[in-house]
Amino acid sequence: MSAPQPVPRDVLDVLERVARRWAVVPVDRARDALPTVHALLSDLVDPGSGPAPAGGTDLAVAQLRVLVHDAYANAPGSVLPDGLPGRLTAVLRALDGP
């Protein structure tokens with residue numbers, strides 16, 4: 001088994017920006033962004049562990065944090081989604097609305 005990979009600083013920075021933004025947007029806007037979050041969660045979840053969690057607005061950021069950290073701790077780099085910082089930035093854009 002390989003050693004866990006640390007989560008890169010750029011990923012942690014964007015993840016923190018998502019968490020801060022999520023905490024202040026109206027619930028309706030957060031709800032509208034859930035499909036983007038759930039798509040990313042699905043890409044992060046270990047395929048052998050079943051479907052990605054599909055929690056509501058109150059759990060989305062916590063689930064995202066856990067799965068990002070788990071992805072780096074448990075998976076080789078090739079399993080991680082391409083462009084993870086960009087995918088997290090897409091969550092930020094979804095929170096800003098149309």
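Values in this text are rule-based calculations from the coordinates and carry no lab data. On a predicted model such as this, the values are computed, not experimentally measured, just so you know.
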- prompt: Which ³J(HN,Hα) values, rounded to whole Hz and listed in residue order, are derived for region 53-67 from phi using the Karplus coefficients 6.51, -1.76 and 1.60 in 6.51 cos²θ - 1.76 cosθ + 1.60 with θ = phi - 60°, glycine and proline given as x?
  reply: x, 10, x, x, 4, 6, 10, 4, 5, 4, 5, 4, 4, 4, 5
task: Please list the non-local residues whose amide H lies under 5 Å from the amide H of Val7, H modeled 1.01 Å from N, same-chain partners needing a gap of 5 or more.
output: none
